[in-house]
Amino acid sequence: MADLVIIGGGPAGMSAAIAAYKKGVRDILILERDGALGGILQQCIHNGFGLHKFGQELTGPEYALQYENQIKELGIRYKLNTMVLSITKDKVITATNGEDGIFKLRPKAIILAMGCRERSKGALNIGGTRPAGIYSAGTAQKLVNMEGYMPGKEVVILGSGDIGLIMARRMTLEGAKVKAVCELMPYSGGLARNIEQCLCDFDIPLKLSHTVVEIHGKERVSGVTIAKVDENKKPIIGTEEYIACDTLLLSVGLIPENELSIGASVSIDKITGGAAVDQDRQTDCAGIFACGNVLHVHDLVDFVSDEAEIAGQSAADYISGIKEENIHINVETDGKIRYTVPQKITKKKDVTVYFRVADVYRNVKICVYDGDTLLLAKKKVKVAPGEMESIKLSEDMLANCRKLQFKLEEVNA
Amino acid sequence: MYDVAIIGAGVVGGMIARTLAAYELKICILEKENDVAEGATKANSAIVHAGFDAKPGSLKAKLNVQGAKMMPKVCEELGVKYKNNGSLVIGFHDEDKRTIENLLERGIQNGVDGLEILDKDELKAIEPNISDNATAALYAKTGAIVCPYELTVAAIGNAMDNGADLRTGFKVCSIKAADAGYEICSENDSIKARFVVNAAGLYADEIAEMVGDTSFKITPRRGEYILLDKECGGLVSNTVFRTPSKMGKGILVTPTVDGNLLTGPTSVDMDDKEDKSTTAEGFARIIKEACENLNCIPFHKTITSFCGLRAVGSTGDFIIHSPRSGFINAAGIESPGLTSSPAIGLMVRDLLMEGGLVLREKGNFNPIRKPMHAFREASDEEKNTIIKKDAAYGRILCRCEGVTEGEILEAIRTNPRPSDLDGVKRRTRAQMGRCQGGFCMPLIMKLLAREMGVPCEKITKRGGNSFLITGKTKEEI
Ligand SMILES: Cc1cc2nc3c(=O)[nH]c(=O)nc-3n(C[C@H](O)[C@H](O)[C@H](O)COP(=O)(O)OP(=O)(O)OC[C@H]3O[C@@H](n4cnc5c(N)ncnc54)[C@H](O)[C@@H]3O)c2cc1C
Ligand SMILES: Cc1cc2nc3c(=O)[nH]c(=O)nc-3n(C[C@H](O)[C@H](O)[C@H](O)COP(=O)(O)OP(=O)(O)OC[C@H]3O[C@@H](n4cnc5c(N)ncnc54)[C@H](O)[C@@H]3O)c2cc1C
């Protein structure tokens, strides 16, 4: 048995476990389907992790190791190669592995930290053939960084998400020729620093407002046809261009892996694809918490760790029966701001609200209203969907608040 | 010297092989691809048609009805999923209504049981998500669904367990008369057989020509599909067809036996027998028509799309006959070929017998094959007993479909053995879920390489040059 079971041993699961331990929970068990702790960080061998958290640039495995070492020092239990099959509303977990077979657990609290998966080609309905040589960028990353195999030699990348950008550089360093990165939107979905360091530094063309319209090749990919798209994202006839290549990598979005959460009847936010949570990262199923990429897709692991600490501490409070005064404030958005996490606030205390915008906007201010009353405004020269934003609300702002509205307003020059 | 060589390892060749495996015969199945079920058999609607569609008196009508009746038992013996979910032909206006009445009439003539016409309310009562514009429907209670590639793998596996040989990568290039039979040659190999069955799908005309039979032609007709996530599989329980019109049969919507939602097929005549590409126009048509059939289909839940080629025969009917002594055609097997396949097996057996093949039943013929999904369907206690013996059954490799390493290894070691990733996929469903192999592909590649004793560089997606990786890192700088 365990008081707290954490599903997923990536950065979110590990931080949450450590935070809960530090708040007094001793009976903790992490379940991880992979053969090692660390989650997706294991395959992210590039630099750029931990700048916020540790003040230095670490690689993914180095960042993960910091937490893994703590887990081991504290003696927090974990089971590897263990796949959780289902969770019920009343917190019964069914899992399987080679040693224990299929087994059940009924902890006092659960933290969901399952991460996300990549959107596959299927969802895109690209016409043409279905040859070998089409990989999601993360699969390619795993092949190159973990298995030591090259997925191909001449590459086109569809989608400019961060993993795609990182892989453009990685494949180039390994001797492959990355011929183009095509992005459907008029802007990249990745971090500005990645466009600089992964594309510009290697002269890899980024073709904005472009998509792949046809895949060629019977056995192995032999090329792709790309085309420019109009403002409705429809390919413009006459702009087609053939690029010979043997590999197509897809970096077309990440989807939080919430099949287990849905099975436990946790309510899902349609926009984030993750659970709807309060400031404690508690879902609408009491005692079930969520953090990391399973909650919403993050750009930086540092924020994942922060979020997971909140979830771990809150789960510890929940287990020890601590209850604070309950309020209920819904956080609403205007569409230009696509979503916020948390989606609701139930305690009067300082809270940082994370959010993403729907498009690239310049010279704007982020405004937080309670009804007609402006509580807070923060000016930004530029905001983009690829970069998560946050804003801190203080306890006294929430004092008499009934409904929070997040709006993006223009700043008149 | 084989008694019978069967050219083509699709569902038709497979069912013929399994039928013949019950007798004291040496049988060889020849297939040009790297695996079985690589032709029309892997990309179709997967419907066991009730039999109201084909022209009365045709071979199609007769074998459809007979095959549909045989299918439940065949599937049970072979451990293949079969679901009697029912079929509906929905109509939107008076002309459709008249066509539906004609179909009912046809069905009765063809000997189909349990047909009835439903009005709008009755239709809505059994399928609440059907379009509000549908006014009537033909309801065929005997309509069913199966998994066509699973059926074929199982039929050929069962034939092999009973002594038949399978040669993949054997593309028949010529057939010569040889002492008391034929010599069948590929580019670099040959076998001899007393009798030859031509079940080569799209290429059946070319095979027939090798023995001088030019009485028919086969032309390819494209059919594209979109497959949706299991979340959507419950939108309908029956297979929903539109009323056929001058424009053809239109787009159907059906659950699959594995619980996904399948919509398609388009219908476009082609020249190239190898062109299985999908098109933007095809997708647009599927989405438009499917959404006319049902009130709301969440196409953003699409997990894959694919295309199959119908082998349309020039005679308008199945072509099953013996044009030369010792040579049988099973050609032009377009829809309802999957449904008819068990009956085609019997008909070809009888033609062989008429042609002089002596049939003696095997005393030890075993018609039963262990279901490929036995572990998946076991109870937790049963699973734990298996895991205790073999821990590989506790390790899940394909997260989306929940397929264990044990199941994958079992598939790799069972007749007919797969030797590429798609072969593993069709047998186990690993890589068939919502992430389409993004996570488990590298693991399965390594497992397959280990089992086959080759390096990963040699593993393909689908035989030929469909290699997955181009080498080791750092090698190429
Ligand atoms: C009744 C029925 C049910 C089916 N159910 C399913 C199902 O549940 N799930 C499913 O996936 N398919 C399903 N299929 C389709 C199945 O894949 C068949 O084999 C299909 O006929 C495809 O044949 P193909 O040659 O077009 O594609 P195949 O070669 O068999 O498969 C191509 C698929 O692999 C994907 N793909 C291609 N390259 C890569 C790559 N490098 N990495 C990852 N993915 C890649 C493509 O997106 C495409 O979806 C079903 C088919 C039928 C008839
Ligand atoms: C779009 C579509 C939808 C359909 N829907 C249905 C349905 O819902 N219900 C139904 O009952 N039927 C349906 N059908 C029909 C059904 O799929 C076919 O009738 C059936 O799969 C045909 O099986 P087969 O074995 O004859 O052909 P195939 O599966 O095409 O097998 C022929 C085999 O022969 C091999 N071959 C060819 N040439 C050579 C050579 N020279 N040497 C060696 N091997 C060779 C090929 O590689 C192939 O594997 C549909 C078909 C299509 C295309």
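The values are calculated or read from the model by the stated rules, or taken from the named source; none is laboratory data. The shown structure was predicted, so the numbers you read here are calculated from the model rather than taken from an experiment. Quick reminder, even Gly has a Cβ in these numbers, built from the backbone with ideal geometry, and neighbours come from all protein chains shown. Just so you know, the surface numbers come from the protein's heavy atoms only, side chains and all, with ligands and any DNA or RNA stripped out. Shrake-Rupley method; radii C 1.70, N 1.55, O 1.52, S 1.80 Å.
So the values come out like this:
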quantity: Matching strands (runs of 3 or more DSSP E) fully within the range B:155-195 where at least 1 residues are out of contact with any strand residue (DSSP E or B) (no Cβ under 7 Å at 6 or more places or on another chain) and either away from chain A (no Cβ under 14 Å) or away from ligand 1 (no atom under 16 Å from the Cβ) (or both); calculated: B:174-178
quantity: Condition broken by residue A:187, with the remaining ones in (1) touching a strand residue (DSSP E or B) at 6+ places or on another chain (Cβ under 7 Å); (2) at the interface with chain B (Cβ under 9 Å from one of its Cβ atoms) satisfied; calculated: (2)
quantity: Number of positions in the range A:66-81 that are more than 15 Å from residue A:6 (Cβ to Cβ) and either touching a residue at least 12 places away in the same chain (Cβ under 8 Å) or among the hydroxyl-bearing types (Ser, Thr, Tyr) (or both); calculated: 2
quantity: Residue in the range A:383-400 that is least open to solvent (accessible area, probe 1.4 Å), counting only those that are touching a Lys or Arg at 6+ places or on another chain (Cβ under 6 Å) and farther than 22 Å from residue A:296 by Cα; calculated: A:398
quantity: Only listed residue being near ligand 2 (Cβ under 10 Å from one of its atoms), assigned to a loop (DSSP other than H, G, I, E, B) and of a type in the set (A, V, I, L, M), chosen from B:36, B:80; calculated: B:36
quantity: Number of positions in the range A:311-349 that are of a type outside the set (D, E, K, R) and without any contact (Cβ under 8 Å) to a residue 40 or more places away in the chain; calculated: 6
quantity: Test: residue in the range B:129-142 that is open to solvent by 10 Å² or more (accessible area, probe 1.4 Å) and within 30 Å of residue B:378 (Cα to Cα); calculated: yes
quantity: Residues that are assigned to a loop (DSSP other than H, G, I, E, B), at negative phi and away from chain B (no Cβ under 14 Å), drawn from the range A:53-87; calculated: A:53, A:54, A:56, A:57, A:76
quantity: Pair list, Cβ < 6 Å and 6+ apart or interchain, from the range B:135-160 residues that are modelled with pLDDT under 95 to residues that are open to solvent by 10 Å² or more (accessible area, probe 1.4 Å) and within 14 Å of ligand 1 (Cβ to nearest atom); calculated: none
quantity: Unique match (being among the aromatic types (Phe, Trp, Tyr) and within 14 Å of another protein chain (Cβ to nearest Cβ)) among B:306, B:365, B:327, B:318; calculated: B:306
quantity: Count of residues meeting criterion [outside any helix (DSSP H, G or I) and either at the interface with another protein chain (Cβ under 10 Å from one of its Cβ atoms) or within 13 Å of residue A:33 (Cα to Cα) (or both)] in the range B:379-402; calculated: 9
quantity: Some residue of the range A:213-221 being under 24 Å from the mean Cα position of the chain (by Cα), of a type outside the set (A, V, I, L, M, F, W, C) and open to solvent by less than 60 Å² (accessible area, probe 1.4 Å); calculated: no
quantity: Sole exception among (1) under 29 Å from residue A:129 (Cα atoms); (2) surrounded by fewer than 23 Cβ atoms within 10 Å (Cβ to Cβ); (3) more than 8 Å from chain A (Cβ to nearest Cβ) for residue B:408, by number; calculated: (2)
quantity: The range A:269-288, residues that are aliphatic (A, V, I, L, M) and surrounded by fewer than 17 Cβ atoms within 10 Å (Cβ to Cβ); calculated: A:271, A:286
quantity: Residues of the range A:310-336 satisfying the condition of being farther than 27 Å from residue A:14 by Cβ and surrounded by fewer than 22 Cβ atoms within 10 Å (Cβ to Cβ); calculated: A:323, A:325, A:326, A:327, A:328, A:329, A:330, A:332, A:333, A:334, A:335, A:336
quantity: Total residues in the range A:192-228, condition more than 29 Å from residue B:276 (Cα to Cα) and free of Cβ contacts under 8 Å to residues at least 24 places away in the same chain; calculated: 3
quantity: Test result for residue B:276, among the charged types (D, E, K, R) and within 24 Å of residue B:117 (Cα to Cα); calculated: no
quantity: Test for residue B:238: is it closer than 29 Å to residue B:82 by Cβ and away from ligand 2 (no atom under 16 Å from the Cβ); calculated: no
quantity: In the range B:212-249, the residues that are more than 16 Å from ligand 1 (Cβ to nearest atom), in a loop (DSSP other than H, G, I, E, B) and buried (at least 19 other Cβ atoms within 10 Å of the Cβ); calculated: B:213, B:243
quantity: Residue B:102, sole failed condition from (1) within 29 Å of residue B:205 (Cβ to Cβ); (2) surrounded by fewer than 20 Cβ atoms within 10 Å (Cβ to Cβ); (3) away from ligand 1 (no atom under 16 Å from the Cβ); calculated: (1)
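Let's see how each residue does on (1) surrounded by fewer than 23 Cβ atoms within 10 Å (Cβ to Cβ); (2) within 11 Å of chain B (Cβ to nearest Cβ); (3) farther than 23 Å from residue A:296 by Cβ:
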| position | (1), (2), (3) |
| --- | --- |
| A:90 | yes, no, yes |
| A:94 | yes, yes, yes |
| A:110 | no, no, no |
| A:114 | no, yes, no |
| A:119 | yes, yes, no |
| A:125 | yes, yes, yes |
| A:135 | no, yes, yes |
| A:148 | yes, yes, yes |
